[in-house]
1. Specify which of the listed residues (B:D97, B:D140, B:D134) is over 23 Å from B:E221 (Cα atoms), touching a helix residue (DSSP H, G or I) at 6+ places or on another chain (Cβ under 9 Å) and within 12 Å of another protein chain (Cβ to nearest Cβ).
2. Select from region B:74-83 the residues that are surrounded by fewer than 24 Cβ atoms within 10 Å (Cβ to Cβ), in contact (Cβ under 8 Å) with a residue 60 or more places away in the chain and facing chain C (nearest Cβ under 9 Å) and list them in ascending order.
3. Of everything in region B:31-66, what is outside any strand (DSSP E or B), of a type in the set (V, I, T) and touching a helix residue (DSSP H, G or I) at 6+ places or on another chain (Cβ under 6 Å)? Give them in sequence order.
4. Could you check, for region A:87-99, whether at least one of its residues is of a type in the set (D, E, K, R), assigned to a helix (DSSP H, G or I), more than 14 Å from chain C (Cβ to nearest Cβ) and within 22 Å of the chain's Cα centre (by Cα)?
5. So if I check each of B:F96, B:F90, which one is at pLDDT 95 or above and outside any loop (DSSP other than H, G, I, E, B)?
6. What's the total number of residues in region B:26-46 that are hydroxyl-bearing (S, T, Y) and surrounded by fewer than 24 Cβ atoms within 10 Å (Cβ to Cβ)?
7. Being in a strand (DSSP E or B) and out of contact with any helix residue (DSSP H, G or I) (no Cβ under 8 Å at 6 or more places or on another chain) is the filter here, so list the residues in region B:214-238 that pass it.
8. Within region B:159-212, take every residue that is basic (K, R) and surrounded by fewer than 17 Cβ atoms within 10 Å (Cβ to Cβ) and give me the one that is farthest from the chain's Cα centre (by Cα).
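The values are calculated or read from the model by the stated rules, or taken from the named source; none is laboratory data. What you see is a predicted model; the values in this text were computed from it and never measured. Positions of Cβ are generated from backbone atoms using ideal geometry, with glycine treated the same way; all protein chains shown enter the neighbour counts.
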Amino acid sequence: MLTLLAILVDGLVYASWLFIVAVGLSLIFGVMKILNVAHGSLYAFGAYAAATLIGAYFNAGWAPLGSFAVMLLAAVAVGAILGLALERGLLRFMYGRDEVIIVLVTYAAFLILEDSILLIWGTNPYFAFQPYALLGNASVGRLAFANYDLSMIGLSVVTGVLLWWALTHTRQGKLLQAVIHDREMAQALGINVTRVFTATFVLGAMLGALGGAVTAPQISVTPGIGVEVIVVAFAVVVIGGMGSIPGAAIGALIVGLIRAATVHLFPQVELFVIYAVMSLVLAFRPAGLFGRAAARKI
Amino acid sequence: MALLETRGLTKTFGSVTAASNINVAVDEREVIGIIGANGAGKTTFVNMVTGYLKPSQGSIWYRGQDITRHAPREITRMGICRSFQVPQVFMSSSLFDNLLLGLGVAEQERPSFWRPLRQPHLVEAAELIVARYDMSQYRDQQVALLPQGVRKLLDIAMAMAHRPRIVLLDEPTSGVSVSEKFGIMDVVMGALRDTGVTVLFIEHDMEIISRYGSRVIAFAEGTILADGPPQQVLADEQVRRYVIGEELHRASGAAGGELGQPGGAHA
Amino acid sequence: MAIDRFGVQLGLAFVVLAAAGFLLPAWAVFLLTLSLAKGLVVLGLLILWRTGLVPFGQALYFGAGAYAVGLLVLLTGLRDIVVLTLAAILIPMLLAWLVGLLLCRYRDIFFAMLSMAFSMILYGILVKTEALGSTDGFNVAPPTFLGFAPSGETMRVSIYLWVALLSLAAAYGVHRYLSSALGQLASAIRDNEIRVEYLGVSVQRVILIKAIIAAGLAGAGGAVTAFAVGHIDPDAMTYWTVSGEFVFITILSGTGSIFAPFVGSLLFELIRSFAIQYAPHFWQMVLGVSLLLIILFLPNGLWSVFTRLRKRG
């Protein structure tokens, strides 16, 4: 019984992490049809920036609870700076080219950014446990859960709801949806697709960085943390369907719960269960759970 | 027994009925024109017959065999081929290479991974086709750079690569200037007549329909309004109302634009 | 005639490769061995690239070939290089057939990333398998050549000659393939799948065949690498960055010629050896910047420079 609870909570926590990390990717993929491999680097930069700022913050001796705002700040800053630099400085020259070529461009950006991390922060791990320890633990019977992990669930729900609301109830959101559905048509209707692209990319970058920033207190921040994130995030996006926020949420939930179950019950398969789930979903729903079928060609 | 027969063919996309209870029987060596306003179900009909779409109801019979569930490639190999409204050709290759590939894969059941494609007899056959369709001056040009009319010819020529018994042409002269339409139809029909193939062609130009078709089928809103000799169908009142337009202007040999155009009550 | 000219080029390559094996110092022969092995993988990528498909997971087959060799040596004591290489070709081909049943329904990014996902599945399995040394991997005993068991320098040259032979055979085979109907269908599928279907050809089946051939080539490359290095582990053989390297070399070389993959691999290996030695923290950046420059200025790869110079001269 307790195992079930552990699986449930662990699953939800992991799903929350997956959602925050993957939703930015899904958005960028849906709107711009670009699979941003550099998303992993944005995650890493967010983690490093948060770790650095948290370290400086606590050294300065300010109120501990404010460190959460610092993490958010780190994410927004990284997302804005790197996101703008990548989109305006590199990607916008590639629009209209083959989508696989654009993926390779983002892969090149990823490689450059990974080494940039080495140059800026070196190879030693960074730690920023303070916010994590701050929130204490909750216990159910023999099980102890860190409140920080639990609050991730809250964060991802809030993020998801905010995003969904913004997409469906604001004018900008609806413009975004129009571009997701049909870029050319949106342009023909006078929507400034270029600006939508920039805004989307920066938003996606911020979300990726946020994923890293909130993860920083949970791990030792080392070079290479961005690498695994890309494949995992992509799997979630594929399962849910590109450009679909509910899809990313459901995909994250499925993967999170299944992974938690395997960690507790079949640890051997843990590393690749996500890919197995992805293959299974695609075998029955080629466009993902919430993906849309393509229009008729002839 | 008819060569090709559709029984109760119906196709719905959600709440839209693209085709409803289509019953058509086609015999050898017929040349049938298909007319109808846009959205009337003509291309849907062709898509179903060639296996690209699966009907919601009904069946398609070819030489006594039920081909309703077959894939396009199987139907092609059985002897039914088609050309497309927008020519489906290989843009980055030359016109000649397009034909060579078409002939090469038509020859064998499974494409070879060892035998070179450029066999002398295939090259010869491709040259013959280039000549017959009057495309010699475009032979080595990249298809992406060719005018639409030539691409249409290529599309039709490739459809004929399998020497089918039935060929369906989807608007063979659309996108082509009025002065070229008859030229193209003459070339195409001349080439096809030599092979003895059964032809169904979709057309919007009533003059072309009456000149080349021995039978006309009129579609409207997914159903068949009329099916018979051109004179009879084109004079039919319902056909006039839903397909051709209330007033049929007869061409007096003057420039185009006076020819009957589809439209009318169908918005 | 084209095939005669190719025959001459192949003959020339054979002479150059053979001479190199006997004249070059040990480190160069080793480098050449690894380059040719990678070249085999990239040759397979060339076949798929021409069809408009870019798999980001060829390391699956590269690793499968290497581990097939390693496991056979470990479990059965088989040492003959011919048998082992054959196994390293056939097992990945079987794997490609299984994986391809799902993969070949996809194109573009989905195809690329799904293929990566499958390679990560193998990676996960290998890492979690203690018996195979998980991330440490294990050593591979040196092979025998039809009974002969050379050692030291002779062994190295023998392995090199074996991969040179494989490369020449592969080059010839792929050349024949590209002139065949299946080979010519590559650009047709890239241009217009619907038309290909309407010409009576199953696009999925053709793609599956190409994927299987590419897998066989990758497996051969993996086997040779296992022989040459004498050690296999999941990070060096199946991690997605390995697949990334193969894709990078494909872009670097371009798909204009059968020889391009091998030349590109050699260039890549040369640069990589020097970069890792002198600037290990910059290696990825160098790779990234080079990739960008190639995409921006030499989209047809380095080989296009070669052909351009030749046309002018």
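1. B:D97
2. B:R77
3. The one that is outside any strand (DSSP E or B), of a type in the set (V, I, T) and touching a helix residue (DSSP H, G or I) at 6+ places or on another chain (Cβ under 6 Å): B:T50.
4. Yes, because at least one residue in region A:87-99 is of a type in the set (D, E, K, R), assigned to a helix (DSSP H, G or I), more than 14 Å from chain C (Cβ to nearest Cβ) and within 22 Å of the chain's Cα centre (by Cα).
5. B:F96
6. 1
7. Across region B:214-238, the qualifying residues are B:T223, B:I224, B:G228.
8. It comes out as B:R211.
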